[in-house]
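The values are calculated or read from the model by the stated rules, or taken from the named source; none is laboratory data. None of these values were measured; they are calculated from a predicted model. Quick reminder, even Gly has a Cβ in these numbers, built from the backbone with ideal geometry, and neighbours come from all protein chains shown. Please note that ligands, DNA and RNA were not included when accessible areas were found on the heavy atoms of the full protein model with its side chains. Shrake-Rupley method; radii C 1.70, N 1.55, O 1.52, S 1.80 Å.
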Amino acid sequence: MATFESSLLETLRGKIGNFIIYKVKQQYRIRTAPTEYRDANTPEQQANRNRLTACVRFYQRLRETPLRDAWRTAADKAAASSGYSLYLKTNMGVFLPDGTISDFSRLTLCPASGLKTADNMIATRNTDGTVTLTWENHAGKQSPRNTDRLAVAYLNENRSFTIRFVNPLPVCRDDERATFTTENTPGIATHLYCYFISRKGDAYTPDTYIKLND
């Protein structure tokens, strides 16, 4: 693959001879076109297409939530072409050909973008149905990280493509404890994805996954 920054390529796109010209951000790239035809309907290729379809369908739900900003921020800091491409690269392998999520613990809802996660995060379901989340903060007394805001997204296993959020919590990293409620069905597992956002909203921790067996 060759890269160029010439104005001569600004009007060129697509295939020319055995070369394909395309643009990523402000950079023009050229690569050779495939020289061999491969059957696109092998069982493996069909399975991969089905995985991609499921992954894209989940992203369509995700982009309607505040998590879209988290992926954009992470993409900017990782020099990825977009939050969408970073999401696909991160989560493609999590989805099965039948359109379901293979392992909720491998799914990333909030990617890392400059902040470290809290230590020893634990969630328990209380007898009144509420959830108590605890963690350890080792940022230091004068650290600006103490004011990072807690956010919690969750999936119920019977509706795994519906991303829900705990109501905005007035809880910071330094509090080391939060209690909240989730919408859940008795006997159905709830999958929590807990993360912190900087006070300015320009950096996120990677999410911490916790499974609640209800």
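Among the listed pairs K89/K200; K77/K200; K141/K200; K77/K211, those whose Cα-Cα separation exceeds 25 Å are K89/K200; K77/K211. Dipole magnitude for the stretch 53-188: about 400 debye, using +1 per Lys or Arg Cβ and -1 per Asp or Glu Cβ, origin at the Cα centre.
Projecting the alpha carbon convex hull of the stretch 80-158 along each direction and taking the average yields 7.8 nm².
According to the calculation over all Cα-Cα pairs in the stretch 41-115, the P(r) per 5 Å bin from zero is 3, 17, 26, 23, 17, 9, 4, 1, 0 %. By the gyration tensor of its Cα atoms, with a ≥ b ≥ c the square roots of the eigenvalues, what is the shape of the stretch 169-214: rounded for a/c under 1.5, prolate for a/b over b/c, or oblate? Prolate, since a/c reaches 1.5 and a/b exceeds b/c.
Normalised by 2.2 N^0.38 Å, with N the number of residues, the alpha-carbon radius of gyration of the stretch 113-214 equals 1.07.
Along the axis of the charge dipole computed for the stretch 158-211 (Cβ charges of +1 for Lys and Arg, -1 for Asp and Glu, origin at the Cα centre), the listed residues I188, P206, N167 are led at the positive end by I188.
Among the trypsin sites (Lys or Arg not before Pro) in the stretch 133-165, which ones are in a DSSP loop with at most 15 other Cβ atoms within 10 Å of the Cβ? Mind listing them? When the trypsin sites (Lys or Arg not before Pro) of the stretch 133-165 are filtered for loop state and at most 15 Cβ neighbours within 10 Å, K141 remain.
Of interest is the spacing of the C-alpha centroids, which for the stretch 64-115 and the stretch 166-190 amounts to 22 Å. Using only protein heavy atoms and a 1.4 Å probe, report how much of E183 is accessible, in Å² to the nearest 10. Solvent-accessible area, nearest 10 Å²: 110 Å².
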